[in-house]
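Have a look at the structure below, then the notes.
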Amino acid sequence: MATAASFNQISKTVCVMDASGCLGSSIVHRLLQRGYSVHAAVQNHGKLWQSFEGLSCNKKNLKIFHSDPFDYHSIMDALKGCCGLFYSFEPPSDQPTYDEFMADVEVRAAHNVLEACAQTNTIDKVVFTSSATTVIWNDSHRKAPDLDERNWSDLNFCRKFKLWQALSKTLAEKTAWALAMDRSINMVTVNGGLLMSPDLTISNPYLKGAAEMYEDGVFVTVDLRFIVDTHIHVFEDATSYGRYLCFNHVIKCNGDAVKLANMLLPPSESSLPQSLEDTRIHQQRISNKKLNKLMVDFDTKLRVD
């Protein structure tokens, strides 16, 4: 079972960057509940306390930093004294949507953050949030029986079909891995499915190609609580390594697809005619066995004091 002693903990202080998004702020909450001190790094000054107003735990262990992923010194300030980093990319406020230019932005951010980690001698481990879309988009995969962490999306395939989120996430993760290996950074990635967060909308860039994902048996989703627990467990467990596909539901039948459409679309548009004859169940072709094996012993109530 994971304990505080299961990783080389230089301090109980960790950094979460960017902490202003739904995932980042939820990771901050859970870390504080488990007894960590947290440096919450956010891009937007206006959001400094907005994400943490409803904290049920003691705020004395929380410090908030304005940290721009394109400002190396602000990253270093947030990392100072931390033994670990939880990093997830949030698009800049002046470029909120994924397009053909976002990949350059996300890659530069990943490079800056990993370089700052290499320069921070107290950093023992990095948990890098990536996406299942870095695994599934490859023409040669479509006949593969089971995709897992060993697979990568094809960059030219992503460009051809304008899968900008998948392109951006794949390039950023590959950049992070290259730098982590070159600089001997202990890094693990969490490759999450579509995050079923309260702010999920039809415009979420993960949904580009949803029909193809559904038909191919690789349309996966993940609950917020599960992906947050995954981040914390892969950090605390000294045996964690490499990439982890993170999902706890596969949309593989008509009922699942209609239920998701009802969540994402207004009532007038989501009332899709549900064919009674469409009882097909698409075969799941993506595996999260590696993560499930790791999560067996995760204790959600453990504190690291």
Given R₀ = 41 Å, what would the calculated FRET efficiency be for Phe70 paired with Lys289, taking r from the Cβ atoms and rounding to 0.05? 0.65
How about Lys125: which lysines have a C-alpha closer than 16 Å to its C-alpha, ignoring those fewer than 8 places off in the same chain? Lys12, Lys80
Could you give the accessible area per residue of region 89-150, probe 1.4 Å, as a whole number in Å²? 45 Å²
In square angstrom, what is the accessible area per residue of region 185-251 with a 1.4 angstrom probe? 33 Å²
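Please give the length that would be gained between Cys253 and Asp77 if that part of the chain were fully extended, namely 0.36 nm times their separation in residues minus their C-alpha to C-alpha distance (nm, one decimal).
Taking Cys253 through Asp77 to full extension adds about 58.6 nm, to one decimal.
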Quickly rank 85-94, 164-173 as a protection proxy: mean count of other C-beta atoms within 10 Å, highest first. 164-173, 85-94
Using a probe of 1.4 angstrom, how much of the accessible area of region 107-151 is carbon and sulfur, in percent? 44 percent
Could you report the accessible area of Ile185 in Å², rounded to 10, computed with a 1.4 Å probe on the protein chains as they sit in the structure? 30 Å²
Considering only DSSP states other than H, G, I, E and B, which trypsin sites (Lys or Arg not before Pro) in region 179-227 qualify as loop sites with at most 14 other Cβ atoms within 10 Å? Arg183
Difference of contour (0.36 nm per residue) and Cα-Cα distance, Tyr241 to Glu212: 7.4 nm
Find out how many positive minus negative residues lie around Thr129, taking Lys and Arg as positive, Asp and Glu as negative, among other residues whose Cβ is under 12 Å from that of Thr129. -2
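The values are calculated or read from the model by the stated rules, or taken from the named source; none is laboratory data. Predicted model only: the values in this text are computed from it and were never measured. Neighbour counts run over all protein chains shown; Cβ positions are idealised from the backbone, glycine included. Note: accessible area is taken over every heavy atom of the protein model, side chains too, but ligands, DNA and RNA are not part of it. Shrake-Rupley method; radii C 1.70, N 1.55, O 1.52, S 1.80 Å.
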